[in-house]
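A short write-up of the structure that comes next.
Each reported figure results from applying straightforward, stated rules to the coordinates on display, with no laboratory input. What you see is a predicted model, and the numbers here were worked out from it, not measured in a lab. No Cβ is skipped: glycine too gets one built from the backbone with ideal geometry, and neighbour counts run over all protein chains shown.
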2 protein chains.
Amino acid sequence: MKTANDLFKEFKILSVSEFFKKNADMLGYTGKIRSMTILVHEMVTNALDACEEAGILPEIRVEIDQRGDSHYEISVEDNATGIPLKFIPDVFGKMLAGSKAHRNMQSRGQQGIGVSGAVMYSQVTTGQPAVIISSTVEEMWEVKMNLDLQKNVGKIIEKNKIKDNGWRGTKIVIEAKDVTYIKSKYSPYNYLRMSSIANPHARIEFIEPDGTKIVFPRSSKTMPKSPKIMKLHPRGMSTDDLLVMARNCRARKLGSFLGSELARISRKKAEEIERVSGVSLDKNVSRLTWNDAERVVNAFKEIDFMAPSSEGLIPIGEENIIKGLSLINPEFSVAITRAPRTYRGGIPFIIEAGLAYGGKSEPGIEIIRYANRSPLVFDQGGCVINEAVKNIDWRRYRVNLESTPLTIFVNVTSTHIPYTSAGKQAIAMEEEIFNEVRFGIMDTCRGLKRYMDSKRKAYRKKQRMDSLLKYAPETSKAISKLSGRDTDKVKNLFIKIIEKKYA
Amino acid sequence: MKTANDLFKEFKILSVSEFFKKNADMLGYTGKIRSMTILVHEMVTNALDACEEAGILPEIRVEIDQRGDSHYEISVEDNATGIPLKFIPDVFGKMLAGSKAHRNMQSRGQQGIGVSGAVMYSQVTTGQPAVIISSTVEEMWEVKMNLDLQKNVGKIIEKNKIKDNGWRGTKIVIEAKDVTYIKSKYSPYNYLRMSSIANPHARIEFIEPDGTKIVFPRSSKTMPKSPKIMKLHPRGMSTDDLLVMARNCRARKLGSFLGSELARISRKKAEEIERVSGVSLDKNVSRLTWNDAERVVNAFKEIDFMAPSSEGLIPIGEENIIKGLSLINPEFSVAITRAPRTYRGGIPFIIEAGLAYGGKSEPGIEIIRYANRSPLVFDQGGCVINEAVKNIDWRRYRVNLESTPLTIFVNVTSTHIPYTSAGKQAIAMEEEIFNEVRFGIMDTCRGLKRYMDSKRKAYRKKQRMDSLLKYAPETSKAISKLSGRDTDKVKNLFIKIIEKKYA
């Protein structure tokens, strides 16, 4: 029999990149078709976020070149601010590094894993370095970089300063094997099409492996407002969150800490917190115990606060969703931006739902899902949006799930999207999000029902008119015989009356 | 407009535990009911693995105590070898640390995240340390420990040596808030019931919050064979894998490296690899380039190898599955262990399928899913097993998905389960696994169909016999009149003949 010491000889520690190398499925790298789309997704996500943060209307260029059997080169270029040289290895080569995860702000990426994961996949399948070309206002560099997976660091293996030619932005070029390009629902083509629908302010150019150039044009020239860093709302805080913040803040006393670090806490509110929790506002914040913090957090739950500000959350907007859906060329479309809500107490989110009927929609329901405008292409089965769609009584809206040609659009905007996996393709089953998605879709369905009803009414009217018109010649003849008037005149008058009534 | 330098002021690096704290959904901590079950799951997984590795028949004791509103204490005790003091902080407090991830061996845990995640959830919701009591052959300790999430380390805050009382094993006690205990399909109760079905060699004792004691008894006294560490199979190797191994191996030359580190490579095979790849077996392994390694890996794909050994994989076994399913008290049950197969070229796996009809099964299909005997309770929608079930033409087997009372059991055994998420509740859509699961279920369905057919046949026979018996008295009377024999004698003879034919 083995003893504990025998068994623990094998104890080791992995780096986060070794972990995701071993578990590439968790980043979405499952199968050749999906892996290709995930690579494009991660690089485009980064590119769009970079433009958004800089307040620049995005011009994204994606090119996929075939190099051999299941072997491609993929490049994505943006027109944002570029990346300073010293940050390039961390941005593209260090997992869990980034400017997004620790800030309470809406962005497509939120983990600091995605694009480093893409570089990892490239390296593991081809051994080739990633090439990054980046031009900031200060300087322009072309860099080749590798990953040291055991240490979770990016390493520059070659760098060349390039003479500034006025271009600003970042271009990343990677090679990958074990991927394939097929034009399908799960392909980069559809991913970019979906991106374009939810980002009508972006121009996306795409060169397919066979050289076909596709442009998804900008359908809106208004730059969306930049998302803002938001203070955390008291209702969304856990005791642990509060303690971690207390340890890292500049304030000395609890009162000033609460007022400066959290949202919606006025002097009056702070006094109410003191009264309810029994923890003095004069307490030195560095001496806050778990028990103190828990009492404060419990007080947060008892006291009424203004809902979290939604000004930092930037939805797409109804008009823009309709513009986006116009890509489908629908017979009828409708969109709604719901009012902001919160989940888990205080994390703000906004649901947008859109619906396109007919046009290029195929028979049956297609759900297109987004989180902070980023398309979710895979894992539909495990996503709260799918659950919400299933939970709707579609017959009420005269929709047949198999035959009605319907595209349903849902976008979840939040400072923190509760993804089920690091692959960021499905949103977890948070009850408040589930309800809001359901309500959002039902809102758009009411619009659809009105349209379908009026369409049906118009159809019935037309049928009635047609049958009356059919008998008009005979009837006119009879009337003309009885009245002695001219047949043609009677007929024309008759047709005029019918058309006036039914047209 | 912002410049790159403005934007990159906010660049920071997270630790892996901070990451999973922010993204607890990825570990499965979504909602109070699910969070409770995930906590139990992680602790029981560790306990069963510990027994398995030590070759000990598991006696697991799980106790859940209510402490307040949404506030519980959970303890799990095993009878394995215990954990040496110096490893306790790493086992329970350091994510990505463990003895499982880097070894090519079947185990329930494979990430080194699960139980540290449970301790994290406990600390974040209650601020309380975890209590670990561990007794090895050398010594017995009771330890209180905390996590430093920013550094991803466990810290012992109190330790007491306890006088050895002969007990061996590990007990972990945590407190958690934001959890709740409800007896449902998703509860710890059902989780343990499912664990018991797939681990008939384990005795599991469970104390519910209201004091109810439930024992899932041991239905098999044979200890399953211990899984073995397996060498990697050439077909499952990527170029990167080969290079990483080459850098860390003791062999000097390619030939001895291949022969000693990989499975199924004889001297003759090695020579074939040399011939096909053009890379000399005498090449110094530390000088292997990407190009060399890629040529070797390409040769792996062209050459025939024996399939990976499956001796390291320990399936549950048909007999034990049937024993496990007997918990449902089924009218009919059947199980199959399929032959070993590989996915992604060379990762071996075995599918087992079982099926229980009637008994305590409710009308409709219930799928119970396992990975290395560990129940998968959540995320069914995103799991390859679910996809495979959906893909079967059930009418062929006389099964009505809504009304036939059927429990379908699937266990995937592998050295590496391709989970879709660190929460380990769904298996990724690997084509080979999908096909095998489908075949496995179809195998059991054929058994079911035979049973249903024979049941139907027996029913028809019985009907026929009953109607003949009904007319026996009248017919006997008539025959006795015609033949002059005694009516009762005729009748008894007649009944005998009918029963002989139809019984």
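Each copy carries B:Asp453; placing its label point 7 Å along the C-beta direction from Cα gives inter-copy distances of 5.5 nm, listed from smallest up.
When the protein assembly as shown is described by a simple charge dipole with +1 on each Lys and Arg Cβ and -1 on each Asp and Glu Cβ, the residue from A:Leu7, A:Leu325, A:Val276 located farthest towards its positive end is A:Leu325. The convex hull defined by the C-alpha atoms of chain A has an orientation-averaged projected area of 36.9 nm².
Amide H contacts of B:Arg373 (H built 1.01 Å from N, in plane; Pro and chain starts excluded): B:Val412 sit under 5 Å, all sequence-distant by 5 or more or on other chains.
Across the range A:38-48, computed HN-Hα scalar couplings (Karplus, 6.51 cos²θ - 1.76 cosθ + 1.60, θ = phi - 60°) run 5, 4, 4, 4, 5, 6, 5, 3, 4, 5, 5 Hz from first to last residue, x flagging Gly and Pro.
Footprinting exposure proxy ranking of B:Arg464, A:Arg108, fewest other C-beta atoms within 10 angstrom first, gives B:Arg464, A:Arg108. In this structure, the amide hydrogen of B:Glu331, modeled 1.01 Å from its nitrogen in the peptide plane, lies closer than 5 angstrom to those of B:Tyr357, B:Gly358, B:Gly359, counting only residues at least 5 positions away or on a different chain. Karplus-derived 3J(HN,Hα) values for the range A:134-141, using 6.51 cos²θ - 1.76 cosθ + 1.60 with θ = phi - 60°, are 9, 10, 9, 4, 7, 7, 10, 10 Hz; glycine and proline are entered as x. Placing +1 on the Cβ of every Lys and Arg and -1 on the Cβ of every Asp and Glu, with no other charges, gives chain A a dipole of roughly 2120 debye about its Cα centre. Backbone phi angles across the range A:364-379, fed through the Karplus curve with coefficients 6.51, -1.76 and 1.60 (θ = phi - 60°), yield HN-Hα couplings of x, 8, 10, 9, 10, 10, 9, 10, 6, 6, 9, x, 9, 9, 10, 6 Hz in residue order; Gly and Pro are listed as x. For the residues of B:23-35, the average number of beta carbons from a partner chain within 10 Å of their own beta carbon is 4.
Only helical DSSP H runs with n ≥ 4 go in: add -39500 (n - 2.57) per run for chain B, normalise by residue count and round the 222 nm mean residue ellipticity to 500 deg cm²/dmol. All intermediate terms of the calculation are to be shown ahead of the outcome.
Working: 14 runs with 190 residues, N = 503.
It comes out at -12000 deg cm²/dmol, rounded to the nearest 500.
Each of B:Ile316, B:Ser134, B:Cys445 was placed along the dipole of chain B (beta-carbon charges, centred on the mean Cα), and the one lying farthest toward the positive end is B:Cys445. Cβ-to-Cβ counts within 10 Å put B:Glu142, A:Glu175, A:Glu52, B:Glu158 in ascending order as B:Glu158, B:Glu142, A:Glu175, A:Glu52, the fewest first.
With the simple model of a label 7 Å out from the Cα in the direction of the Cβ, A:Glu402 to B:Arg252 spans 7.2 nm.
In this simple spin-label approximation, B:Met442 and A:Glu362 carry label points 7 Å from Cα along the Cα→Cβ vector, and these lie 2.4 nm apart.
Assuming charge only on the beta carbon of Lys and Arg (+1) and of Asp and Glu (-1), the dipole of the range A:55-129 about its Cα centre is about 460 debye to the nearest 20.
Sorted shortest first, the distances from the B:Arg267 label point to those of the same residue in the other copies are 9.1 nm; each point sits 7 Å from Cα along Cα-to-Cβ.
Taking the C-alpha atoms only, the angle from helix B:188-198 to the longest principal axis of chain B is near 80 degrees.
Peptide B:380-389 is shielded by partner chain Cβ atoms: per residue, an average of 3 of them sit within 10 Å of its Cβ.
Each copy carries a label point for B:Glu142 at 7 Å from Cα toward Cβ; from one copy, the others' points are 6.8 nm away, ordered from shortest.
Modelled spin labels at B:Ala307 and B:Glu138, positioned 7 Å past Cα toward Cβ, are 4.3 nm from each other. Toward the positive end of the charge dipole of the range B:181-269, with +1 on the Cβ of Lys and Arg and -1 on the Cβ of Asp and Glu, the farthest Cα among B:Ala246, B:Phe216, B:Leu192 is that of B:Ala246.
Among A:Val279, A:Val62, the ranking by other beta carbons within 10 Å of each residue's beta carbon, starting with the fewest, stands as A:Val279, A:Val62. Within 10 Å of the Cβ of each residue in B:237-244, the mean number of Cβ atoms contributed by other protein chains is 4.
In the range A:344-409, which GluC sites (Glu not before Pro) fall in coil by DSSP and have 12 or fewer other Cβ atoms within 10 Å? Walk me through the numbers on the way to the answer.
Working: sites: A:Glu352, A:Glu366, A:Glu387, A:Glu402; in loops: A:Glu402.
For GluC sites (Glu not before Pro) across the range A:344-409 that sit outside H, G, I, E and B with at most 12 neighbouring Cβ atoms in 10 Å, the list reads A:Glu402.
Rounded to the nearest 20, the size of the Cβ-charge dipole of the protein assembly as shown about its Cα centre is 3440 debye, with Lys and Arg at +1 and Asp and Glu at -1.
Which FRET efficiency value, to the nearest 0.05, do you get for B:Lys151 and A:Glu331 by plugging their Cβ-Cβ distance into 1/(1 + (r/R0)^6) with R0 = 51 Å?
Working: r = 58 Å, r/R0 = 1.15.
After rounding to 0.05, the efficiency reads 0.30.
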